[in-house]
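Below is one structure, written out as structure tokens; the observations come after it.
All of the numbers you see were taken from the coordinates with simple rules; none came from a lab. This is a predicted model, so every value here is computed, not measured. Ideal geometry is used to build each Cβ from the backbone, glycine not excepted, and the neighbour counts take in all protein chains shown.
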Amino acid sequence: MTSTENNTDHDFWQLHIAQWQASGLSQASYCRQQSLRTHQFSYWKRKFLAECEPVVPAPISGFSRVQVAAPVATPTSPGLSLCFRDGTRLTGIAQNNLALIKPLLEILR
């Protein structure tokens, strides 16, 4: 296939990108053999690759909404305390509030 110097046809470049990938040649070697401008080839290659990339969802902020179903009675004993490496401290863990603590611990892992 012969090329034209300023070709901007989508199908033309899609065919060349596919042929280049199958050729095993470097991009520069392929462009020389086909008389293509390397900067145009690079532009179209990036354009086709961008069309194929999946959309990445926004990262999760790390916060979670917590809803308390009913007020929790203060335990009679001080209960268990956890201290994390970053200095965060979770205190007052007792038998009567484990239902609240377990989901929180899953988030903090």
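Here the label points at R32 and F63, each 7 Å from Cα along the C-beta direction, are separated by 5.7 nm in the simple model.
Here, the range 10-52 is characterised by an Rg to Rh ratio of 0.92, where Rg is the alpha-carbon radius of gyration and Rh the Kirkwood radius.
Between Q19 and I107, full extension at 0.36 nm per residue minus the direct alpha carbon distance yields a gain of 26.8 nm.
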